[in-house]
Amino acid sequence: MIHGLLAEAPADRPAVSFGDSTLSYRELGSLSGRLAKSMDDAAGGADVTGMRVAVVAPNTPLLVGALFAAWRLGAVAVPLSSRLRERELELTLADAEPLVVCSIAKHGGYAFRDILPRLSLPSVRGFLFGSAEGELERAVAGTGAGHVRASEPFAAEIAALLYTSGTTGIPKGVLVSHRRELEGSRFLADTLELREEESVGHVAPIPHAFGLTCLHATLRPARTPCSSSRRSRRGRSSRRSKRAVRPFCTARRPSSSRS
């Protein structure tokens, strides 16, 4: 299972860098543990195994920690872009039927903590809102509190429910298995010849299929993903690390890959 990637890595090795802060694998594991407990509490006693947990956030420690928290609970993660707005969020979340929604409280001038609780989402038992660094600030009961669950749980092999961009129509959910993510990330890491001492800048949004595989490719051999939720100013270099940072934004398919 994907959450095993954290346990396999050296505990004191840097795991995620964001702004001026860096979390070790031990600290990232602790963050995911705290978020998992809060998610379980927000579910109000309902079994989250196989159920959906939506995460709305840009590339931040909150997003990474919440995804691993969902997998730690045996839930199916539904990562969603923080660029989505009220109507898009309502349509997508209504289709996904999550039991819990964990979201960044505010990003890009948009207050998710005010918008999400007022949406018509009968499956949601609780909302969790936190900072980019992963510290929870607020918990709000959902309209689904006390209701029987609306749908059956997914099989244990399902890791995520990813939504298409909706360019040519209404976004559609695609089931992604743990095996697909682990094998795809291994192939990508081997193809790009990533080394343990490297840091990798995540430009591709992690809620997208390629971005999610990029994240797992860097965590697999204990490299350091550098979350990037906004573009750097042209001509400026990062001062947070003396190590070279490889931008992980290429989407070219390796010639040896098979469909």
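The values are calculated or read from the model by the stated rules, or taken from the named source; none is laboratory data. This is a predicted model, so every value here is computed, not measured. A quick note on method: Cβ atoms are made from the backbone with ideal geometry, for glycine too, and the neighbour counts reach across all protein chains shown.
Details
- Just one of the listed residues (166, 144, 134) is at positive phi, surrounded by 13 or more Cβ atoms within 10 Å (Cβ to Cβ) and either among the polar types (S, T, N, Q) or modelled with pLDDT under 95 (or both), namely 166.
- Looking only at the range 48-81, and only at residues there that are of a type in the set (Ser, Thr, Tyr) and surrounded by fewer than 21 Cβ atoms within 10 Å (Cβ to Cβ), the one that is farthest from residue 203 (Cα to Cα): 49
- Residue match in the range 130-150 (condition: among the charged types (D, E, K, R), more than 21 Å from residue 59 (Cα to Cα), touching a residue at least 40 places away in the same chain (Cβ under 8 Å) and out of contact with any Gly (no Cβ under 8 Å at 6 or more places or on another chain)): yes
- Residue 99 meets each of the listed conditions (1) crowded, with 23+ Cβ neighbours inside 10 Å; (2) in contact (Cβ under 8 Å) with a residue 60 or more places away in the chain; (3) not β-branched (Val, Ile, Thr) apart from (2).
The rows are residues; the columns are (1) touching a helix residue (DSSP H, G or I) at 6+ places or on another chain (Cβ under 6 Å); (2) under 17 Å from residue 219 (Cβ atoms); (3) of a type in the set (Val, Ile, Thr).
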residue: 6; (1), (2), (3): yes, yes, no
residue: 17; (1), (2), (3): no, yes, no
residue: 87; (1), (2), (3): no, no, no
residue: 100; (1), (2), (3): yes, no, yes
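- Of the residues making up the range 190-212, not a single one is assigned to a loop (DSSP other than H, G, I, E, B) and in the same structural domain as residue 56 (by TED's automatic domain parsing).
- So residue 221, is it at pLDDT 90 or above and either under 25 Å from residue 7 (Cβ atoms) or not in a helix (DSSP H, G or I) (or both): no
- Odd one out for residue 95, checked against (1) touching a helix residue (DSSP H, G or I) at 6+ places or on another chain (Cβ under 7 Å); (2) in the same structural domain as residue 78 (by TED's automatic domain parsing); (3) part of a helix (DSSP H, G or I): (1)
- Criterion applied to 17, 24 was being touching an Asp or Glu at 6+ places or on another chain (Cβ under 6 Å) and either in contact (Cβ under 8 Å) with a residue 60 or more places away in the chain or not hydrophobic (A, V, I, L, M, F, W, C) (or both), and the one residue passing it is 24.
- Subset of the range 1-27 [in contact with a His (Cβ under 7 Å, 6 or more places away or on another chain) and surrounded by fewer than 21 Cβ atoms within 10 Å (Cβ to Cβ)]: 1
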